[in-house]
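Below is one structure, written out as C-alpha cells; comments come after it.
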Amino acid sequence: SILLLGELKEFKNTNGHCFIPANLPSNKMLGQWVHTQRQLYQQPEQQNAISLLNNETVEHDLTDERILQLREVGLDLDTSNFNYSSMSFQTLWDDRVSELIQLKKQFGAIEKGLEQGNSNELNTWATEIKQLHKIGMSTGLPTQLTKERLDELLSIGFSFDDE
C-alpha cells in the first residue's frame, strides 16, 4: 500500500491531478487501488475488506492516517462514483488522444498506425469510440463522445469511415 501511495504521488506530480480510472492503461494496479480506496471511504462497513487485486489477496484497512495521506496527495474521496468516472474518462481520453497523435507521427496516419501498431488496448479504445459515435448518430442520444471530443478526434485525423 505504501508503494501504491508513492505511485499515486508520482502520478499527481506528473499529471497535476488524481483522477485515475480504475483501468488506467499505464498502471492497472494503481487504478484498481485508488478505486478501492474511494469505495472503502464511501462505504465504511467495508473498510476492513479483503479482495483480489491482480489475483493476489489484498487486505484493505482504510485507517484515519491513510485517509489523511490520500487527502494530502490530493485524492478526492468524496466525489460520487459517477462524477469520478466522468473525470477519469477525461484522463483516459487525454492519454488515448496523445497515443493517437504519436501513432500519426510514427506511421503518417492514425488508421495505418492502428493497423500496424502493437497496442491492443488503443485499438480496443478506438473501436469503442467508433461504436459510441455510431450509437450517438443512430439514436440521437448523448454519449461521452461530446461534440468537443468528436471535433478533437477529427482535427488530428481520426477516421470514423470504417464503421
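The values are calculated or read from the model by the stated rules, or taken from the named source; none is laboratory data. Just so we're clear, the structure is a prediction, and the values are computed from it rather than from any experiment. Please note: Cβ atoms are built from the backbone with ideal geometry, for glycine as well, and neighbour counts cover all protein chains shown. Calculation scope for accessible area: heavy atoms of the full protein, side chains included, ligands and nucleic acids excluded. Shrake-Rupley method; radii C 1.70, N 1.55, O 1.52, S 1.80 Å.
Summary of computed values
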quantity: LYS9/LEU154 FRET efficiency (R0 35 Å; Cβ-Cβ; nearest 0.05); calculated: 0.45
quantity: In Å², nearest 10: area of ARG38 left accessible to a 1.4 Å probe; calculated: 0 Å²
quantity: Computed accessible area, SER98, all protein chains, 1.4 angstrom probe, square angstrom; calculated: 60 Å²
quantity: Sites LYS147 and THR127 - FRET efficiency at Förster radius 22 Å, r taken between beta-carbons, to 0.05; calculated: 0.60
quantity: Inter-label distance, nm, simple model (7 Å from Cα along the C-beta direction), GLU65/ASN118; calculated: 4.4 nm
quantity: Sequence-distant lysines (8 or more away, or on other chains) whose Cα lies within less than 17 Å of LYS112; calculated: LYS104, LYS130
